[in-house]
Amino acid sequence: MKAQFTNHFKYLPIIIGVSIFVYLVLRIFLMPISDDDFITVDLHASQNWINVLITGNPSIDWAPNNHVLNTLFMKLEILIFGRKDWAVRLHVIVAFIICFYYMLKIVQYFSDSYIRQSFYLLVIFFNPYLLDFFGIARGYALSIAGF
């Protein structure tokens, strides 16, 4: 009886991941670009590739906005799709997929229960700050996914 009960929840962690993914995609396409994102696009991603790597922008006040890997991805996305709000955030979706996959693997290592796995994933990914990082074009999502 117990095995039959747990099989009903077998896909619950995946459903949670897909739901968060859909939310993030909608957020990326519907929300306008934030002030910090715009500064990164305008002051850093508009520079040439070498200046992005060495923070070659003469305005040293905005140098902290240059999360180098994030800015390189933004520059590449602008090159491919043009300067659109949603285009500079596409790499964050890939970062979420990587992060969720490995968090699911870690959670599965610690628990066999699909309900517990789902609970752990909800606790981790329903953190409002984490959801916000995966919805904006900042370097934090890449750092979290890499971590």
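Just so you know, all these numbers are worked out from the coordinates, no wet-lab data involved. Computed from a predicted structure; not experimentally measured. When we count neighbours, we look across all protein chains shown, and the Cβ atoms used for this are built from the backbone with ideal geometry, even at glycine.
General observations
- Spin-label model distance (nm) - Lys105 vs Leu53, 7 Å beyond Cα toward Cβ: 2.9 nm
- With θ taken as phi - 60° and the Karplus curve 6.51 cos²θ - 1.76 cosθ + 1.60 applied, the whole-hertz 3J(HN,Hα) list for the stretch 21-29 is 4, 4, 4, 5, 4, 4, 5, 5, 7 Hz, x standing for glycine and proline.
- Residues Ser113 and Leu30, FRET efficiency given R0 of 30 Å [Cβ-Cβ distance, rounded to 0.05]: 0.30
- Whole-Hz Karplus values for the stretch 39-50 come out as 4, 5, 5, 6, 8, 10, 5, 7, 6, 6, 4, 5 Hz, taken residue by residue from phi with 6.51 cos²θ - 1.76 cosθ + 1.60 and θ = phi - 60°; glycine and proline positions read x.
- Using a simple spin-label model with pseudo-atoms 7 Å out from Cα toward Cβ, Phe147 and Arg83 lie 3.3 nm apart.
- The gain in end-to-end length when the Tyr129 to Ile14 segment is fully stretched comes to 39.3 nm, 0.36 nm per residue minus the alpha carbon separation.
- Charge dipole of the stretch 35-146 (Cα centre as origin; +1 on each Lys and Arg Cβ, -1 on each Asp and Glu Cβ, all else neutral): 340 debye, rounded to the nearest 20.
- Largest first, the extents of the alpha carbon coordinates of the chain on the three principal axes equal 67, 27, 24 Å.
- Among Ile50, Phe21, Ser113 - extreme Cα towards positive end, dipole of the chain, charges at beta-carbon: Ser113
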